[in-house]
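Working notes for the structure below.
The values are calculated or read from the model by the stated rules, or taken from the named source; none is laboratory data. Model, not experiment: these values are computed from the prediction. In this analysis, Cβ positions are derived from the backbone assuming ideal geometry, glycine residues included, and neighbour counts consider all displayed protein chains. Surface areas here come from the heavy atoms of the whole protein model, side chains and all, with no ligands, DNA or RNA. Shrake-Rupley method; radii C 1.70, N 1.55, O 1.52, S 1.80 Å.
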Amino acid sequence: MLTVGLTGGIGAGKSEVSRLLVEHGAVLIDSDRIAREVVAPGTPGLAAVVDAFGPDVLAADGGLDRPRLGSIVFADPEKLAVLNSIVHPLVRDRSRELESAVPEDAVVVHDVPLLTENGLAPLYDVVIVVDASPGTQLDRLVRLRGMTEEDARARMAAQATREQRREIADIVIDNDVPLDALRERVAEVWEDLARRARQGSAGAE
């Protein structure tokens, strides 16, 4: 098994890269998706978040009001740290559970937005960073996700810098490019990952 940590700044296009890697045959473990699951209604995770931040972070249907919670934590690093201390251990445990169920020869891509910030690079055989300029990130967040420029800049500022992400990268995928060029680059990266996985399997025999 080859474990890959995939990360990138918000709006860099990491989700598109993970989708393309799955098309090539990767097994995806999506930390964002798991983070939503572990704070779903009725979970201990949601109860812990409400204990920490109060009932105002609940929506009318009893689920987590993500925009409301986001406006609280991304404006206050200490509150963001509290949220991360609740959610990250739950995500880590669920990710390990999912990884244990995949075939031994798989390329397993862990999509981890805060891989750099949380010092998780040593956990993976390969770290891929999806890189885009701050201007590209801002444009995508405002134009495609409907964020205000202020919110978008706050989200970007709460993450690692572009330089910090690149420092931990084994592979960098430039996503200041058209989709066709991104597809070609991901195909190249997949060949590299598949080769590494084959070498690892051969070495284990």
Those helices (runs of 4 or more DSSP H) completely within the range 142-205 that have 1 or more residues that are closer than 18 Å to Ser18 by Cβ, of a type in the set (Asp, Glu) and open to solvent by 40 Å² or more (accessible area, probe 1.4 Å) are 179-204
Selection over the range 48-77 where residues are of a type in the set (Gly, Ala, Ser), open to solvent by 50 Å² or more (accessible area, probe 1.4 Å) and modelled with pLDDT of 95 or more yields a count of 1
Scanning the range 99-110 residue by residue, those over 14 Å from Gly5 (Cα atoms) and out of contact with any helix residue (DSSP H, G or I) (no Cβ under 8 Å at 6 or more places or on another chain) turn out to be Ser100, Ala101, Val102, Pro103
Counting only helices (runs of 4 or more DSSP H) wholly inside the range 14-74, the ones holding at least 1 residues that are acidic (Asp, Glu) and more than 30 Å from Thr3 (Cα to Cα) are 44-53
Within the range 36-47, the residues that are open to solvent by 40 Å² or more (accessible area, probe 1.4 Å) and closer than 20 Å to Pro113 by Cβ are Arg36, Glu37
For the range 117-139, the count of residues that are open to solvent by 50 Å² or more (accessible area, probe 1.4 Å), farther than 22 Å from Leu2 by Cα and assigned to a loop (DSSP other than H, G, I, E, B) equals 1
Taking the range 82-93 and keeping only residues that are under 16 Å from Gly5 (Cβ atoms) and either without any contact (Cβ under 8 Å) to a residue 12 or more places away in the chain or open to solvent by 50 Å² or more (accessible area, probe 1.4 Å) (or both), one is left with His88, Arg92
